[in-house]
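One structure below.
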Amino acid sequence: MKDNPESGDLHVAIIMDGNGRWAQKRGKPRLFGHHAGARRVSEVLEACPDLGVKYLTIFAFSTENWKRTQSEVAGLMSLFRRYIEREAHRLAEKGVRVRFIGDRVRLDQKLVKLMDDLEALTEGNDLVHLTIALNYGSRDEVARATRRLAQDVAAGRLAPGDVDEETLPRYLDTCLLPDPDLVIRTSGEARISNFLLWQSAYAEYEFVDTLWPDFSAAEFVKVVGRYHQRERRFGAVPG
Ligand code: IPE
Ligand code: IPE
Ligand code: MG
């Protein structure tokens, strides 16, 4: 059964995993896989409007990914910078609104400036909302949100009794986004790795074996098609 066949406002979130293994299989350095992975983003993004996917959220770098070698982290950070520089105008022209979620404090100032500028450049767009999770971790996000919420309580702006399921998400990085309807993880791993824990409480999940650099628009179309065959109940008995 379709969830909401009329809905043109699906939110799909993707854990883009498997770049390293893709490169390794080809005897190349891990960074080669990250570059190939970055190229897939545009393809999947372009498929969104026809599929009714209004929100696409992609996991680019987690709060745990700092544990990787210094050279991989530096390579990824420079890839993010170059990706924004190269794609900014194309994204703006195509009607994509870009947002970043995650903690910017630990990121290089040059990168943060590019992120801010891209958000500002695409602010008026509404065709597809692309959210890039960069230095993002759900637990970190909830901790930062709780800190700000506690500050509001301490300052008398919020009563403790008013904190409920509606209040807390307003403090999350995703406050302007609907909850994801579908979360896809590539590369065969069946775990969430600290991605959108609060927001995905009722999301549907698809774990596919394909490594991210091999994930084509055609496969994306198939996976979204499977989502439409699912019955979402949200705790109720189907009527
Ligand atoms: C996902 O690919 C990209 C990032 C985490 C930045 P990986 O780099 O995790 O690739 P695998 O899982 O090692 O194959
Ligand atoms: C999740 O992938 C993070 C991103 C895709 C950016 P990881 O490769 O970091 O996750 P684990 O380590 O397999 O859980
Ligand atoms: Mg991985």
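The values are calculated or read from the model by the stated rules, or taken from the named source; none is laboratory data. All of these numbers come straight from a predicted model, not from anything done at the bench. FYI the Cβ positions are ideal-geometry reconstructions off the backbone, even for glycines, and counts take in every protein chain you see. Please note that ligands, DNA and RNA were not included when accessible areas were found on the heavy atoms of the full protein model with its side chains. Shrake-Rupley method; radii C 1.70, N 1.55, O 1.52, S 1.80 Å.
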Distance (nanometres) between label positions extended 7 Å along Cα→Cβ at Thr167 and Gln70: 4.5
In sequence order, calculated HN-Hα J values of segment 58-72 (Karplus, 6.51, -1.76, 1.60; Hz; x Gly/Pro): 10, 8, 9, 7, 9, 5, 8, 5, 5, 6, 6, 4, 4, 6, 5
For segment 157-172, 3J(HN,Hα) per residue [Karplus equation, 6.51 cos²θ - 1.76 cosθ + 1.60, θ = phi - 60°, Hz, x = Gly/Pro]: 7, 9, 8, x, x, 8, 7, 9, 4, 8, 6, 4, x, 5, 9, 7
Span from the segment 10-46 Cα centroid across to the segment 202-239 one, whole angstrom: 19
Protection-proxy order for peptides 24-36, 52-64, each taking the mean of Cβ atoms within 10 Å per residue, highest first: 52-64, 24-36
Accessible area in square angstrom per residue, segment 133-177, 1.4 angstrom probe: 58
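Helix-only estimate, please: 222 nm mean residue ellipticity of the chain, summing -39500 (n - 2.57) across DSSP H runs of length 4 or more and dividing by its residues, to the nearest 500.
-13500 deg cm²/dmol
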Rounded to the nearest 10 Å², the accessible area of Glu85 at probe 1.4 Å: 110
Long-range HN-HN contacts of Asp17 with modeled amide H, under 5 Å: Thr186, Trp212
Accessible surface, segment 1-113, averaged per residue in Å² (probe 1.4 Å): 52
Sequence of Thr122, Thr69 from largest to smallest accessible area, 1.4 Å probe: Thr69, Thr122
Extension gain, Asp209 back to Gln24 (0.36 nm per residue minus Cα-Cα distance, nm): 65.0 nm
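Sequence gap at least 6, Cα distance under 8 Å: using those rules, report the relative contact order of the chain to the nearest whole percent. Intermediate values should be presented prior to the final figure.
Details: 358 pairs, mean separation 71.1, N = 239.
After rounding, I find 30 percent.
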Under 24 Å, Cα to Cα: Lys pairs in the chain, sequence gap 8 or more or different chains: 9
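Once neighbouring chains are kept in place and the probe is 1.4 Å, which whole percent of the accessible area of the chain is contributed by carbon and sulfur?
50
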Nonlocal amide H pairs with Val183, under 5 Å, H built at 1.01 Å: Ala13, Glu204, Tyr205, Glu206
